[in-house]
Amino acid sequence: MMLTPTVVTEFDSQAPEATKTATFGLGCFWGPDAAFGAIDGVVRTRVGYAGGTKSDPSYEVLGDHTEVVQVEYDPEELSFSELLERAFSEHDPYQQPSKRQYQNIVFTETATQHDQLQTFLNDSDLDSNRITTRFESLDRFHLAEAYHQKFNLRGKRWITDVFAEAEYDDAAIRESPAAAKLNAHVAGNDVSVPFIEQSFDPRPRH
Ligand code: MHO
């Protein structure tokens, strides 16, 4: 089986409708975009800026914002607590980069997420006095530029050609569940999705 426009559109059409979002600042957003995209139950990912006050941040003029990944997940398959576990395995909570652009931040978007974060921290072995990770309620998520979305996938012409053939524009690629899995896969993450496990051998991995 090869990666074809039909494989992409069929996978995307099967995405669950009732999703929730979780947002994390974990350094340069390309890495967590691919790491979270690999997880079963993560439906979509997008990267952006949050945590600051500037009204229209861009990559070049970030103001006081931080690079973040927003994860859209299927709550029937994956919990916020499991995402927290992953977020804490993706960074050292005792080391905070001085650059605001790359700070570690766990955002909560609802009172439930806030409570789940408290429970997670209470149940963990972490020394709360030494934690430097910021915990904030999400004010606003600002989408990053198209060239930062699914960054690993964008360098792979044999994939972007398939999305072009399927008539996906930049926004559609950003919002595509198939693109999230493919981006994770080409970044070297294990992805257990049949169309990826069965595909690609005839294709060059350049
Ligand atoms: N400037 C770094 C990180 C980019 S990340 C989107 C690089 O080019 O690797 O901040």
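How much length is gained on full extension from Ser98 to Ala172, taking 0.36 nm per residue of separation minus their Cα-Cα distance?
23.2 nm
Distance from the C-alpha centroid of the range 99-159 to that of the range 18-41: 8 Å, rounded to the whole angstrom. Enumerate the whole-percent occupancy of each 10 Å bin, from 0 to the last occupied one, for all C-alpha pair distances of the range 111-156. Going from the shortest bin to the longest, the percentages are 19, 30, 24, 25, 2. The calculated FRET efficiency for the pair Asp40 and Glu145, based on their C-beta separation and a Förster distance of 30 Å, comes to about 0.55.
Of the heavy-atom accessible surface of the range 5-197 (probe 1.4 angstrom), what whole percent is carbon and sulfur? Intermediate results must be reported in sequence, preceding the final value.
On the way: 4020 of 9000 Å².
Ligands and nucleic acids excluded, carbon and sulfur give 45 percent.
For the range 98-206, the list of GluC sites (Glu not before Pro) that fall in a loop by DSSP and count at most 13 other C-beta atoms within 10 angstrom reads Glu145, Glu167. With the convex hull of its Cα atoms as the shape, the range 32-115 has an orientation-averaged projected area of 6.1 nm². For the range 27-104, run through the trypsin sites (Lys or Arg not before Pro) and keep only the ones in DSSP coil with at most 14 other Cβ atoms within 10 Å of their Cβ. Those satisfying the criteria are Lys54, Lys99.
Can you tell me, using C-alpha contacts under 8 Å and at least 6 residues apart, the relative contact order of the chain as a whole percent?
Computed over the chain, the figure is 32 percent.
Solvent exposure of the range 5-197, expressed per residue, is 47 Å² of accessible area, with all protein chains present and a 1.4 angstrom probe. For the chain, taking the reciprocal of the average inverse distance between every pair of different Cα atoms yields a Kirkwood hydrodynamic radius of 17.6 Å.
Each Lys and Arg adds +1 at its Cβ and each Asp and Glu adds -1 at its Cβ; summed about the Cα centre, the range 5-197 shows a dipole of about 680 debye.
The values are calculated or read from the model by the stated rules, or taken from the named source; none is laboratory data. Owing to the predicted nature of the structure, the values given are computational and were not obtained by experimental measurement. Virtual Cβ from ideal backbone geometry, glycine too; neighbours counted across all protein chains shown. In case anyone asks, the SASA skips ligands and DNA or RNA and just uses the protein heavy atoms, side chains included. Shrake-Rupley method; radii C 1.70, N 1.55, O 1.52, S 1.80 Å.
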